[in-house]
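The values are calculated or read from the model by the stated rules, or taken from the named source; none is laboratory data. Because the structure is a prediction, the values reported are computed rather than measured. Note that each Cβ is placed from the backbone with ideal geometry, even for glycine, and that neighbours are counted across all protein chains shown. We work out accessible area using only protein heavy atoms, side chains counted, and drop any ligands, DNA or RNA first. Shrake-Rupley method; radii C 1.70, N 1.55, O 1.52, S 1.80 Å.
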Amino acid sequence: EVQLVESGGGFVQAGGSLRLSCAASGFTFSGQEMNWVRQAPGKGLESISYISGSGTTRLYADSVKGRFSISRDDAENSLFLEMNSLRAEDTAVYYCARGYSSGSHLGSWGQGTLVTVSS
Amino acid sequence: VMTQTPLSSPVTLGQPASISCRSSQGLVYSDGNTYLSWLQQRPGQPPRLLIYKISTRFSGVPDRFSGSGAGTDFTLKISRVEAEDVGVYYCMQLTHFPYTFGQGTKLEIK
């Protein structure tokens, strides 16, 4: 069974940093495209970052570009999101999601981890 | 921009439901595929993929869910709504990064 388990969320002051992790199991993590998607409280979904299966391509939404960094450790079957210069508007549940068939669709999602940024 | 209608849909159990999604730009990728998905988010749950590439049901999704459309206009249909279908439905395009979502349509039972 595919499982994605996010961790690392919490409460942080504006301007601070957090590192989110996503532990993957039940599939061959190496070579799989991965994504981070967030959802502000009571709001819709926002795709914020993508990493290719090789890790060589990393993409970011304008809202987080220059502040967030996505990475992966295939030996540990883990995905990461380094978040710096956090703002109140970054408050959200952060989901990791697995891309299928070369990014055709996001077929597996974790339960999410809540990040709260206090201004 | 992905625009969904309606934003709220009260439906009687056993009756059909339909949600529309319009994209402000074409979603055909250079490989000829259209990467338009539909996701369901039940209360307190993460999103769940229902449909991808316009009309392909994901593994384990009941056949009462179907997707259709082309170009910039797409539709999700539920043939007979069941109580477990309550939640918010999102269309999502993966043709262009950043991937973008519709605002969400809240499906509720009358």
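Here are the numbers for this structure:
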read-out	value
For region B:25-110, alpha-carbon Rg and Dmax in angstrom	12.9, 43
Computed label-point distance, nm, for sites B:Ile109 and B:Leu13 using a 7 Å Cα→Cβ extension	0.4
Alpha-carbon Debye profile of chain A, log10 I(q)/I(0) at 0.12, 0.18 Å⁻¹	-0.38, -0.86
Considering only the protein assembly as shown, percent of DSSP beta bridges that pair antiparallel, nearest 5	90
Interface area, B with A, accessible, probe 1.4 Å, both sides summed, Å² nearest 100	1700
A:Phe68 long-range amide H proximity, modeled H, under 5 Å	A:Asn84
Total charge dipole magnitude, chain B, about the Cα centre, Cβ charges on Lys, Arg, Asp, Glu only, Debye to nearest 20	100
Relative contact order, percent, chain B [alpha-carbon distance under 8 Å, six or more residues apart]	38
Value in Å of the Kirkwood radius, where the protein assembly as shown supplies the Cα pairs that are averaged	18.0
Estimated dipole of the protein assembly as shown in Debye, rounded to 20 [Cβ of Lys and Arg +1, of Asp and Glu -1, Cα centre]	420
Cross-link reach list, lysines versus B:Lys110, counting only Cα pairs under 22 Å and skipping chain neighbours closer than eight places	B:Lys77
Estimated FRET transfer efficiency when R0 is 22 angstrom, pair A:Val2-A:Thr57 (beta carbons, to 0.05)	0.45
Heavy-atom accessible area ranking, 1.4 Å probe, most first, across B:Arg42, A:Arg19, A:Arg72	A:Arg19, B:Arg42, A:Arg72
Accessible-area composition of region A:1-72, carbon plus sulfur, in percent [1.4 Å probe]	47
